[in-house]
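Peer 1: Take a look at the following structure, please.
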Amino acid sequence: MIITPQGAQNSAYGLLRHFMKHTAVIVAGFLVGSLALTVAQQLPPGQIRPRPAEGREPEFPAPNIREYKPRSTLVVPEHKVPRAKFPVVDIHGHPPRLTGPEVVNTVGDSMSPLNLQVMVNANATPSADIASSLAAIAASRYKDRMVMFTSLDLRNVGPGSGQKIAAQLEADVKAGALGVGEIMKSFGLTIKKADGTRLKLDDPELDPVWEKAAALNIPVFLHVADPSEFFKPLDYNNERWLELALYRDRRYQDRERFPDFETLMAERDHLFEKHPRTTWILAHLGWHAQDLARLGRMFDKYPTLHSEVGAVLYDIGRQPRMAREFFTKYQDRILFGKDSYQPDEYPYYWRVFETNDEYFDYYRDYHAFWKLYGAGFPDAVLKKLYYQNALRLIPGIPRAGFPAN
Ligand SMILES: [Zn+2]
């Protein structure tokens with residue numbers, strides 16, 4: 001099918017003019033008109049009319065999206081940042097299981113060159129493992145460099161569960177846990193109650209748990225849902241097509257098995273509304289990194305809500321001006337977190353936060369097929385993001401290695 005640019009652009013006018021003539025031309029005019037409409041609907045976003053190459057086929061087989069990796073010809077200043085400008089608390093650490101001090105030593109050795117001062121072990125450690133994990137840290141060369149959060153057993157919740165879980169939480173904090181989490185996405189998505197129904201995020205049975213966290217003055221680190229695209233149809237308009245095609249367990253399109261994204265968001269917001277004294281740290285910028293204004297409205301509405309940047313650098317780095325404005329406005333509410341512990345990936349975060357570099361590569365093509373830009377945060381914002389907010393929310397973090405202000 002070949003449509004000339006002229007035919008497509010002037011179809012409406014052409015149709016009118018031909019209308020004055022005779023029926024055969026009217027039919028032809030309608031055909032051109034409807035074909036032009038079809039083409040208009042298929043135009044790539046941003047393309048306002050068919051371009052001269054419309055209808056041409058490449059002379060060579062087109063590469064697929066995993067093959068096409070053009071090298072950038074852009075020449076601009078580059079500033080690699082292997083070491084963060086200020087010491088950092090990683091609120092979203094997933095080190096290997098702490099089976100002994102040697103595990104902490106290995107992680108600690110890799111933290112120092114990055115200027116990663118303290119890692120919060122957010123591995124949802126079972127209560128039974130808190131004491132041995134703390135002992136492993138204490139016996140290591142890095143006893144001031146890692147702290148523990150504990151977990152909640154949210155399986156088979158029924159009458160009385162809330163009080164029991166709250167009591168366990170109190171015991172874990174007495175044993176040395178400084179917070180609770182990461183509460184994983186299975187809460188809300190898949191975990192069932194004793195009666196077989198889905199455990200909703202705002203289930204009243206759990207109210208005593210969140211109130212206990214408030215009374216103990218510890219933060220609750222909560223991961224809700226996953227990127228909204230994971231809940232949408234897997235078509236060629238889906239920004240995460242490649243990731244969803246690679247990972248079957250990230251597809252939540254089946255409404256028989258999973259609630260939709262907005263249902264989870266509504267339950268989550270209701271949870272925050274019910275517990276305004278609890279300190280919340282919402283993981284992954286709440287999966288609103290691509291709509292920061294939405295997260296801003298939540299920060300405005302829930303004064304004890306905080307968030308962290310783990311695994312959403314691809315969204316921060318594609319909107320450097322908006323990000324700088326947002327991170328400046330909400331500088332008391334955002335913490336640094338990395339998620340998956342890959343030491344060589346941290347410098348990408350430092351570069352986005354600290355430089356004004358242009359158009360550089362991200363480390364995971366299935367998260368982002370686009371490039372990143374430096375957002376150049378001011379020092380005062382960097383300090384809060386890197387450590388000050390974490391030290392304020394988690395007073396038990398050892399102060400050694402951090403500036404006095
Ligand atoms: Zn995590």
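Every number here is computed from the coordinates shown, using simple stated rules; none is lab data. These figures come from a predicted structure and were not determined experimentally. Backbone-built Cβ (ideal geometry, glycine too); neighbour counts: all protein chains shown.
Peer 1: Scan around Asn123 for amide H atoms under 5 Å from its own, H built in the peptide plane at 1.01 Å from N, and keep only partners 5 or more places away or cross-chain.
Peer 2: For Asn123, the qualifying residues are Phe149, Glu182.
Peer 1: In addition: How large is ³J(HN,Hα), in whole Hz, for each residue of region 313-328 in order, when computed from phi with the Karplus curve 6.51 cos²θ - 1.76 cosθ + 1.60 and θ = phi - 60°, using x for Gly and Pro?
Peer 2: 4, 4, 7, 5, x, 9, 9, x, 6, 4, 5, 4, 4, 5, 5, 6
Peer 1: Would you mind classifying region 276-317 by shape? Square roots of the alpha carbon gyration tensor eigenvalues, ordered a ≥ b ≥ c; an a/c under 1.5 is rounded, otherwise it is prolate if a/b is larger than b/c and oblate if not.
Peer 2: It is oblate, given that a/c is not under 1.5 and a/b is not larger than b/c.
Peer 1: Could you calculate the contour length gain from Tyr68 to Leu391, that is, 0.36 nm times the residue separation minus the distance between their Cα atoms, to one decimal place in nm?
Peer 2: So the chain would gain 111.8 nm between Tyr68 and Leu391.
Peer 1: Another one. Grab the alpha carbons of region 266-405, take their convex hull, and tell me the volume per residue in Å³.
Peer 2: 123 Å³
Peer 1: Turning to a different aspect of this structure: About the Cα centre of region 158-220, how large is the charge dipole given +1 on each Lys and Arg Cβ and -1 on each Asp and Glu Cβ? Please answer in debye to the nearest 20.
Peer 2: Computed charge dipole of region 158-220: roughly 200 debye.
Peer 1: Largest first, please: the extent of the C-alpha atoms of the chain along each principal axis, to the nearest Å.
Peer 2: Largest first, the chain extends 90, 56, 38 Å along its Cα principal axes.
Peer 1: Related question: Which cross-chain or sequence-distant (5 or more) residues have an amide H under 5 Å from the amide H of Thr279, H modelled 1.01 Å from N in plane?
Peer 2: So Thr279 has HN proximity to Val220.
Peer 1: If you restrict to DSSP beta bridges whose two residues both lie in the chain, what percentage is antiparallel, to the nearest 5?
Peer 2: Around 10 percent of the beta bridges assigned by DSSP in the chain are antiparallel ones.
Peer 1: Could I ask something else about it? So between Phe60 and Arg97, what do we pick up on full extension, going 0.36 nm a residue minus the alpha carbon distance?
Peer 2: Gain on extension, Phe60 to Arg97, equals 8.3 nm.
Peer 1: Could you check the simple spin-label distance between Val75 and Phe369, using points 7 Å along Cα→Cβ, in nm with one decimal?
Peer 2: A separation of 3.0 nm, rounded to one decimal place.
Peer 1: What do you get for the angle between helix 101-111 and the principal long axis of the chain? Use alpha-carbon atoms, 0 to 90 degrees, nearest ten.
Peer 2: Relative to the chain, helix 101-111 is tipped by roughly 50 degrees.
Peer 1: While we're looking at this one, here's another question. Arrange the peptides 193-201, 226-234, 349-357 so that the one whose residues have, on average, the most other Cβ atoms within 10 Å appears first.
Peer 2: Peptide ranking by packing, descending: 349-357, 226-234, 193-201.
Peer 1: Once every DSSP H run of n ≥ 4 in the chain is given -39500 (n - 2.57) and the sum is divided by its residues, what mean residue ellipticity at 222 nm do you get, rounded to the nearest 500 deg cm²/dmol?
Peer 2: Here the helix-only value at 222 nm equals -10000 deg cm²/dmol.
Peer 1: Round to the nearest 0.05 the FRET efficiency obtained for Asn237 and Gln47 when R0 = 22 Å and r is the Cβ-Cβ distance.
Peer 2: So the FRET efficiency works out to roughly 0.90.
Peer 1: Would you kindly derive the ³J(HN,Hα) couplings of region 172-182 from the backbone phi angles with the Karplus curve 6.51 cos²θ - 1.76 cosθ + 1.60 (θ = phi - 60°), listing them in order in whole Hz, with x for Gly and Pro?
Peer 2: 5, 5, 4, 6, x, 5, 9, x, 10, x, 6
Peer 1: Another question, if that's okay. Expected output is a single nm value to one decimal: the length gained when fully extending between Gln163 and Glu325, i.e. 0.36 nm times separation in residues minus the C-alpha distance. What is it?
Peer 2: The span from Gln163 to Glu325 would gain 54.1 nm if fully extended.
Peer 1: Quick one: which of Lys80/Lys383; Lys338/Lys371; Lys80/Lys143; Lys143/Lys174; Lys193/Lys338 span more than 27 angstrom between C-alpha atoms?
Peer 2: Pairs exceeding the cut-off: Lys80/Lys143; Lys193/Lys338.
Peer 1: Nearest 0.05, what FRET efficiency do Asn405 and Lys85 give at R0 = 22 Å with Cβ-Cβ as r?
Peer 2: Computed FRET efficiency for Asn405 and Lys85 comes out at 0.90.
Peer 1: Step through the residues of region 271-281 one at a time and calculate ³J(HN,Hα) from phi using the Karplus curve (6.51 cos²θ - 1.76 cosθ + 1.60, θ = phi - 60°), rounding each to whole Hz and writing x for Gly and Pro.
Peer 2: Karplus values, whole Hz, x for Gly and Pro: 4, 5, 5, 6, 10, x, 9, 7, 7, 9, 10.
Peer 1: Please list the non-local residues whose amide H lies under 5 Å from the amide H of Glu308, H modeled 1.01 Å from N, same-chain partners needing a gap of 5 or more.
Peer 2: Leu282, His284, Leu285, Gly286, Leu335
Peer 1: Need one word for region 314-377: rounded, prolate or oblate. Basis is the Cα gyration tensor (sqrt eigenvalues a ≥ b ≥ c); a/c below 1.5 gives rounded, then a/b vs b/c decides.
Peer 2: Here region 314-377 falls in the oblate category.
Peer 1: Between the helical axis of 207-216 and the dominant principal axis of the chain, each derived from Cα atoms, what acute angle in degrees is found, rounded to the nearest 10?
Peer 2: Tilt relative to the chain: about 60 degrees.
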